[in-house]
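Worksheet for the structure shown next.
Each value in this text was obtained by applying a stated rule to the coordinates, not by laboratory testing. The structure displayed is predicted, hence computed values, not measured ones. Glycine also receives a Cβ, built like all others from the backbone with ideal geometry; neighbour counts cover every protein chain displayed.
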Amino acid sequence: MTKGEFLHELRVRLAALPEEDIDRTVYYYGEIIDDMTEEGKTEQEAIDSLESVDEIAQRIISETPNRVQAQSAQPVILAKRPVSGVVVLILLIVLFPVWIGIFIAAWAIAVSFFGGSGACIVAGIAGLPASIFMMADGLAVKGVFALGMCLFTAGFGIIWFIGNLYYTKALVKLIGFIFKKIKASF
């Protein structure tokens, strides 16, 4: 059973409750599953570690005051579910220029940072022979200064490169998270 199926079944079983209670409960269990998957469990392992949908629904319904008699609400739920997916799809299409621009800009930043850090590393290494020749020609102070600047530039480029690796990993995680949320809405 996937997370979407689990939450859909829970929503169907809780149909006797007010809509806000159902939404709150479904959101809560969705977050629990997300937290478990972020900690390294698979979606299936996270769902298996929870109570069954029937047990959860029975417990929540029995704990909820002023509960309404259970009715067959499955047609209502099924009618609502595609609407939310359709709304998300329409928003994705309408807002395409915005989100694709942000997506491209984020990746352009990553690429330019890799280019900039690579340029610093190459410039630092390429300047080393020139600084050594300067020291050999009797310009010791200028040569030592140039050597220091080359080492600083190469070191800065390496640190920048490492920082950009973290930025890129975070960007990939964010995009994966966004796609999971979009997929879950369908």
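Quote the charge dipole size of the chain about the Cα centre in Debye, to the nearest 20; the model charges only the Cβ of Lys and Arg (+1) and of Asp and Glu (-1). Dipole of the chain, to the nearest 20 debye: 740 debye. The simple spin-label model puts a point 7 Å past each Cα toward its Cβ; for I178 and F161 those points are separated by 2.8 nm.
Structural descriptor for the chain: relative contact order 21 percent, calculated from alpha carbon pairs under 8 angstrom and at least 6 residues apart. With R₀ fixed at 35 Å, the C-beta to C-beta distance from V122 to F145 puts the FRET efficiency at about 0.95. Cα centroids of the stretch 13-69 and the stretch 149-177: 40 Å apart.
For the chain, the normalised intensity computed at q = 0.09, 0.13, 0.14 Å⁻¹ comes to -0.57, -0.83, -0.91 (log10 of I(q)/I(0), Debye sum over alpha carbons, equal scatterers, no solvent). In vacuum, with every alpha carbon of the stretch 117-186 counted as one equal point scatterer, what does the Debye formula give for log10 I(q)/I(0) at q = 0.22, 0.27 Å⁻¹? Two decimals, please. For the stretch 117-186 at q = 0.22, 0.27 Å⁻¹, log10 I(q)/I(0) is -0.84, -1.01. So if R0 is 41 Å, what FRET efficiency would S49 and F152 give, r being the distance between their Cβ atoms, rounded to the nearest 0.05? Approximately 0.20, to the nearest 0.05. I need the calculated FRET efficiency for the pair V111 and Y28, taking r as the beta carbon distance and R₀ as 30 Å, to the nearest 0.05. Step by step, r from the Cβ atoms, then E = 0.15. Taken along the Cα-to-beta-carbon direction at a fixed 7 Å, the label points for E19 and L89 span 2.2 nm.
Considering only V98, V53, V141, the mean-square fluctuation computed in a Gaussian network model of the chain, springs between alpha carbons under 10 angstrom, is largest for V141.
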